[in-house]
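The values are calculated or read from the model by the stated rules, or taken from the named source; none is laboratory data. Computed from a predicted model, the values in this text were never measured in an experiment. Virtual Cβ from ideal backbone geometry, glycine too; neighbours counted across all protein chains shown.
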Amino acid sequence: MFKRILLLSIIYLCFMPLSYAANAVYAIRIVEHADKTRIVFDLAKKPLFNLYDRHKKTQIVVDFAGTRNRVNVSKLARLSSNIIRVEQTKSAKSSDLRIIFHLAQPIKYRFFELAGNKTARNRLVIDLPVKPTKSAKSVIKQKNPVVVKKITKKLIVRHPKRDVVIAIDAGHGGKDPGSIGFKKFVEKDITLAIAKKTVAILNQKKGIKAVLIRTDDRYISLNERSAIARKYKAELLVSVHADGFTSSKPSGASTLILSQGRANYEFNKKLRDDNVNGLLGGVGDAIKNSNGADDLQYTFLDLGRQYSQGAGYNIASLIHHELAKVTDMHKSKPYEQSLAVLKSLDIPSLLVETGFVTNYREGKKLTTSRHQYKIANAIAQGSYLYFRNSPPKDTYLAYMRNSIHVVKKGDSLSVIARSYGTTESRLKQVNNLTKSTIFIGQKLKIPTS
């Protein structure tokens, strides 16, 4: 009898479907863009799936063969205004997985797959293109006789005009003098002077609010500097420094961003830290609402890190380009370093070395108001260009993206297009131009990206 039971068990195990644990969904990310909502599935292996819509394109159904789900889908709909509900339902086979997205309106979807690599899992990406809403029309009916009168109501759009907040941090201060060069060129004094000038220049630009991390000669710890920037709800932290070396030969300005190794360390450290209340950009709120789901916390933190690092490098590149116009550069492009002041996962951060105080010629220039202004203007201009071309949602700069440009001397369509992050052909299309000729005083509509 025992041998018979053992034989049947072996036969069952041999023929049991292998698809039960063949694949797994580790994360589902939903991100809203200006022109679409993107849904991303992270899977252990290349998925075998069936994707289709139903109920007049108001539902999207994804069937994964032999796949387990490790994600809590009940709160995913909060991440997009275009998705009402996300649910996991039973499929025809118990080993299969079915996810249904209930949409707020009929949307024709697009999808594609991305193969996994050393740093990312296999992904299935679904894009839901979103078109601008049209103005609503109401119909009024009157009796005796019945007359239908159409009244078109203009859609009133209120544009919040909050400012983009940029925090400027003057390096060192108080008991920490920083580098000291010839004739007692002190780094902490130079950085404070440049930081104050940078804030003054930025605050002249409409849509920008610049703040100082330290306003006088005081010592502030590196952790406190990030905390102060977070308190101001800054969307960029620029730390201003002056370089120093044992030799007097090195010279030139530099731009630095956080190294990948340090970013990974801070990322893993934050995953172990339950205190996420201070994180900006909705990251902290999203993690608190994830009910402790590790996969969701990982996703939200990873999205915040990716944005901050990408934006930080782009802004550093713009500032680097502006600095190269007014001073010599020590490096040809921004480079990475493990710097505690740049460790914030939720705030794009970068460091500017304005020059070497240990180089007599450069140190002397750094103490002059004229050269300090040039450096400050380069930092301000690079920062402003980034946010003017990629403004955060609900800001004055985002509203002004659809604004009017008055042509001035030296302008051309290509120059204007580059400055607003658009193309010459798009400018022509929006302004009904058949030629590239423009004249001083002409008003041009600037399209959104």
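At least 2 residues that are under 27 Å from the mean Cα position of the chain (by Cα), at pLDDT 90 or above and not aromatic (Phe, Trp, Tyr) in each: list the strands (runs of 3 or more DSSP E) lying fully within region 31-84 that qualify.
Working: elements: 36-43, 49-54, 59-64, 67-69.
The strands (runs of 3 or more DSSP E) meeting that bar are 36-43.
Name every residue in region 333-344 that is crowded, with 20+ Cβ neighbours inside 10 Å and either part of a helix (DSSP H, G or I) or touching a Gly at 6+ places or on another chain (Cβ under 6 Å) (or both), in order of residue number.
Val341, Leu342
Going by the conditions given, is Tyr399 part of a helix (DSSP H, G or I), under 29 Å from Ala253 (Cα atoms), in contact (Cβ under 8 Å) with a residue 40 or more places away in the chain and of a type in the set (Phe, Trp, Tyr)?
Numbers: part of a helix (DSSP H, G or I): yes; under 29 Å from Ala253 (Cα atoms): no; in contact (Cβ under 8 Å) with a residue 40 or more places away in the chain: yes; of a type in the set (Phe, Trp, Tyr): yes.
Criteria not met by Tyr399.
How many of the residues in region 210-222 are surrounded by fewer than 23 Cβ atoms within 10 Å (Cβ to Cβ), in contact (Cβ under 8 Å) with a residue 24 or more places away in the chain and under 21 Å from Ile375 (Cβ atoms)?
Step one: of region 210-222, the residues surrounded by fewer than 23 Cβ atoms within 10 Å (Cβ to Cβ) are 211-212, 214-222.
Narrowing the set further to residues that are in contact (Cβ under 8 Å) with a residue 24 or more places away in the chain leaves 211-212, 214, 216-220, 222.
Imposing the further condition that a residue be under 21 Å from Ile375 (Cβ atoms) reduces the set to 211-212, 214, 216-217.
Here the count works out to 5.
Looking only at region 223-259, filter to residues that are surrounded by 24 or more Cβ atoms within 10 Å (Cβ to Cβ) and of a type in the set (Gly, Ala, Ser); which one of those is nearest to the chain's Cα centre (by Cα)?
Here the answer is Ala234.
Please verify whether Ala167 is assigned to a strand (DSSP E or B), at pLDDT 90 or above, surrounded by 13 or more Cβ atoms within 10 Å (Cβ to Cβ) and not charged (D, E, K, R), treating the condition exactly as stated. Quick ask: steps written out before the conclusion?
Numbers: assigned to a strand (DSSP E or B): yes; at pLDDT 90 or above: yes; surrounded by 13 or more Cβ atoms within 10 Å (Cβ to Cβ): yes; not charged (D, E, K, R): yes.
Considered against the rule, which asks whether it is assigned to a strand (DSSP E or B), at pLDDT 90 or above, surrounded by 13 or more Cβ atoms within 10 Å (Cβ to Cβ) and not charged (D, E, K, R), Ala167 comes out as yes.
Select from region 61-79 the residues that are of a type in the set (Gly, Ala, Ser) and touching a Lys or Arg at 6+ places or on another chain (Cβ under 7 Å) and list them in ascending order. If you could, list the steps in order and put the result at the bottom.
Within region 61-79, the first condition is being of a type in the set (Gly, Ala, Ser), and the residues that meet it are 65-66, 74, 77.
Result: Ala77, single match.
Determine whether region 420-428 contains at least one residue that is at pLDDT below 85, outside the structural domain of Leu258 (by TED's automatic domain parsing), surrounded by fewer than 19 Cβ atoms within 10 Å (Cβ to Cβ) and of a type in the set (S, T, N, Q). If you could, list the steps in order and put the result at the bottom.
Of the residues in region 420-428, the ones at pLDDT below 85 are 420-422.
If we keep only those that are outside the structural domain of Leu258 (by TED's automatic domain parsing) too, we end up with 420-422.
Those still in the list that are surrounded by fewer than 19 Cβ atoms within 10 Å (Cβ to Cβ) too: 421-422.
Next, from what is left, pick out any that are of a type in the set (S, T, N, Q): 422.
There is at least one residue in region 420-428 that is at pLDDT below 85, outside the structural domain of Leu258 (by TED's automatic domain parsing), surrounded by fewer than 19 Cβ atoms within 10 Å (Cβ to Cβ) and of a type in the set (S, T, N, Q).
Note down all Cβ pairs under 8 Å where the first residue falls in region 23-41 and is over 17 Å from Lys393 (Cα atoms) and in contact (Cβ under 8 Å) with a residue 40 or more places away in the chain, the second is surrounded by fewer than 20 Cβ atoms within 10 Å (Cβ to Cβ) and among the hydroxyl-bearing types (Ser, Thr, Tyr), and they're at least six residues apart or on different chains.
Ala27/Tyr298
It is to be established whether one or more residues within region 190-202 are on the phi < 0 side of the Ramachandran plot and assigned to a loop (DSSP other than H, G, I, E, B).
Initial filter on region 190-202 (on the phi < 0 side of the Ramachandran plot): 190-202.
Those still in the list that are assigned to a loop (DSSP other than H, G, I, E, B) too: none.
Within region 190-202, none of the residues are on the phi < 0 side of the Ramachandran plot and assigned to a loop (DSSP other than H, G, I, E, B).
Scanning for something without any contact (Cβ under 8 Å) to a residue 12 or more places away in the chain, over 30 Å from Lys445 (Cβ atoms) and not in a strand (DSSP E or B), does region 325-332 turn up at least one residue? Break it down into steps so the answer makes sense when it comes.
Looking only at region 325-332, we keep the residues that are without any contact (Cβ under 8 Å) to a residue 12 or more places away in the chain, and these are 332.
Restricting the remaining residues to those that are over 30 Å from Lys445 (Cβ atoms) gives 332.
Retained after the next criterion (residues that are not in a strand (DSSP E or B)): 332.
Within region 325-332 (the criterion being without any contact (Cβ under 8 Å) to a residue 12 or more places away in the chain, over 30 Å from Lys445 (Cβ atoms) and not in a strand (DSSP E or B)), the answer is yes, since at least one residue qualifies.
Among (1) part of a helix (DSSP H, G or I); (2) more than 24 Å from the chain's Cα centre (by Cα); (3) modelled with pLDDT under 95, there is one condition Tyr386 misses while meeting the rest; what is its number?
Exception for Tyr386: condition (2).
Any idea which residue in region 356-387 is surrounded by the fewest Cβ atoms within 10 Å (Cβ to Cβ), counting only those that are out of contact with any strand residue (DSSP E or B) (no Cβ under 7 Å at 6 or more places or on another chain) and hydroxyl-bearing (Ser, Thr, Tyr)?
So, considering only residues that are out of contact with any strand residue (DSSP E or B) (no Cβ under 7 Å at 6 or more places or on another chain) and hydroxyl-bearing (Ser, Thr, Tyr), the one surrounded by the fewest Cβ atoms within 10 Å (Cβ to Cβ) is Ser369.
Select, from Ala376, Ala417, the only residue that is within 30 Å of Phe182 (Cβ to Cβ) and outside any strand (DSSP E or B).
Criteria check complete, one pass: Ala376.
Name every residue in region 78-133 that is of a type in the set (Asp, Glu) and touching a residue at least 24 places away in the same chain (Cβ under 8 Å), in order of residue number.
If we filter region 78-133 for residues that are of a type in the set (Asp, Glu), which is where we start, we get 87, 96, 113, 127.
Those that are of a type in the set (Asp, Glu) and touching a residue at least 24 places away in the same chain (Cβ under 8 Å): Asp96, Glu113, Asp127.
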